[in-house]
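Participant: My questions all concern the structure below.
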């Protein structure tokens with residue numbers, strides 16, 4: 001049983017969903033792991049990670065639109081606005097989603113469904129550099 005680890009940097013250009021599936025898959029291939037669990041953790045409070053449909057871009061557009069509607073910017077009751085109108089909203093949106101994911105893998109491949117992809121969901125308007133911790137526990141060889 002071995003732990004493999006790396007930190008990936010994802011550059012965003014503002015709000016939206018950024019697919020990171022290939023980055024995670026490349027890390028697994030580089031480690032030549034066989035079977036186990038891949039754990040992802042985003043070290044930020046104003047972005048999140050999610051698994052969603054990767055085939056039709058309109059599905060991601062609908063998710064982004066939905067988030068804008070349920071947590072709109074500019075509400076008068078927001079007090080956390082030091083970094084701008086998206087400050088409080090980005091933290092609320094991250095709270096409603098996740099900052100970590102756990103995905104099994106076999107033969108070095110993530111066991112995602114046919115249409116699933118892994119995304120970083122940026123909730124801030126301006127560009128950011130986001131860090132995603134990638135940890136893989138290779139349990140091959142355990143009987």
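Readers should treat all values here as calculations from the given coordinates under stated rules, not as data from a laboratory. Every value quoted in this text rests on a predicted model; they were computed, and no experiment measured them.
Participant: Going by alpha carbons, how many degrees (0 to 90, nearest 10) lie between the helix axis of 87-96 and the longest principal axis of the chain?
Facilitator: 40
Participant: Helix 57-70: angle to the longest alpha-carbon principal axis of the chain, degrees 0 to 90, nearest 10?
Facilitator: Taking the Cα atoms of the chain, the angle to 57-70 is about 50 degrees.
Participant: Compute for the chain: radius of gyration divided by Kirkwood radius, i.e. Rg/Rh, restricted to C-alpha atoms, rounded to two decimals.
Facilitator: On the way: Rg = 16.6 Å, Rh = 16.1 Å.
Ratio value, two decimals: 1.03.
Participant: Treating the angle as unsigned and between 0 and 90°, give the value, to the nearest 10°, between the Cα long axis of helix 21-31 and the longest Cα principal axis of the chain.
Facilitator: 30
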